[in-house]
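Asker: I have a structure I would like to understand better, so I am pasting it below and will then ask my questions one at a time.
The values are calculated or read from the model by the stated rules, or taken from the named source; none is laboratory data. Please read all numbers here as calculations on a predicted model, not as lab measurements. A quick note on method: Cβ atoms are made from the backbone with ideal geometry, for glycine too, and the neighbour counts reach across all protein chains shown. These area figures cover heavy atoms from the full protein model, side chains too; ligands, DNA and RNA do not enter into them. Shrake-Rupley method; radii C 1.70, N 1.55, O 1.52, S 1.80 Å.
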Amino acid sequence: MEKSGIYPLILLLNIMFRGLNKISFDTKGRVSIPTKYRVELLKISKKKLICTIDLDYCLLLYPLSSWLKIEQQIMKLPTLNATSRKLQRLLVGHASDVDIDKSGRVLIPSELREFSMIKKDAMLIGQGNRFEIWDYSRWTKLREKWLKSDKFSLPERFEGITF
């Protein structure tokens, strides 16, 4: 993506969420935010989160303040560009407000759970300014596939990054 796109936004956001957590949805579609994230998340989000879909068929969960910056960038993309419209329709169009309840749970809308194929067991993955929520079985299968793949190619601008 060119410099006017979403990429520079990544550099502006504070990195705070990392790690994997196996979680379970209850029968109402609620999931508990793990304790290790809850205090910080409550502090920065004021109990307001946004959940939307990802092109990899997982869900993205953002603190409202982080999401608003991203949404603003997405909506600035040119609407005459088919890819921009697709991102706007998918990411912003599916964005749902979710609240953290007094027990530290969030209710994920059924349409989003259906899209991501999440039934009960899921994986919550910290990704800096957001979380990804994957169906547990799908996550483990894709992770194994990615690890077995010997084709990791990065865009040229990332070639200087070391681990």
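Asker: Out of region 122-139, which residues are farther than 15 Å from residue 37 by Cα and open to solvent by 30 Å² or more (accessible area, probe 1.4 Å)?
Answerer: Within region 122-139, 136, 137, 138 qualify.
Asker: May I pose another question? Restricting to strands (runs of 3 or more DSSP E) lying wholly in region 18-101: which have 2 or more residues that are touching a helix residue (DSSP H, G or I) at 6+ places or on another chain (Cβ under 6 Å) and either in contact (Cβ under 8 Å) with a residue 60 or more places away in the chain or surrounded by 18 or more Cβ atoms within 10 Å (Cβ to Cβ) (or both)?
Answerer: By residue number, 48-53, 59-63.
Asker: Right, next: Condition first: in a loop (DSSP other than H, G, I, E, B), at pLDDT 95 or above and surrounded by fewer than 18 Cβ atoms within 10 Å (Cβ to Cβ). Now tell me which residues in region 102-111 satisfy that.
Answerer: The answer is 109, and nothing else.
Asker: What are the residues in region 102-126 that are free of Cβ contacts under 8 Å to residues at least 60 places away in the same chain and farther than 26 Å from residue 43 by Cβ, if any?
Answerer: The answer is 111, 114.
Asker: Now a separate question. So for region 139-154 (the condition being among the acidic types (Asp, Glu) and in a loop (DSSP other than H, G, I, E, B)), does at least one residue qualify?
Answerer: Checked against the condition, which is being among the acidic types (Asp, Glu) and in a loop (DSSP other than H, G, I, E, B), region 139-154 yields at least one hit.
Asker: Please work out which one of (1) surrounded by 15 or more Cβ atoms within 10 Å (Cβ to Cβ); (2) assigned to a loop (DSSP other than H, G, I, E, B) is the condition residue 119 fails and give its number.
Answerer: Failing condition for residue 119: (1).
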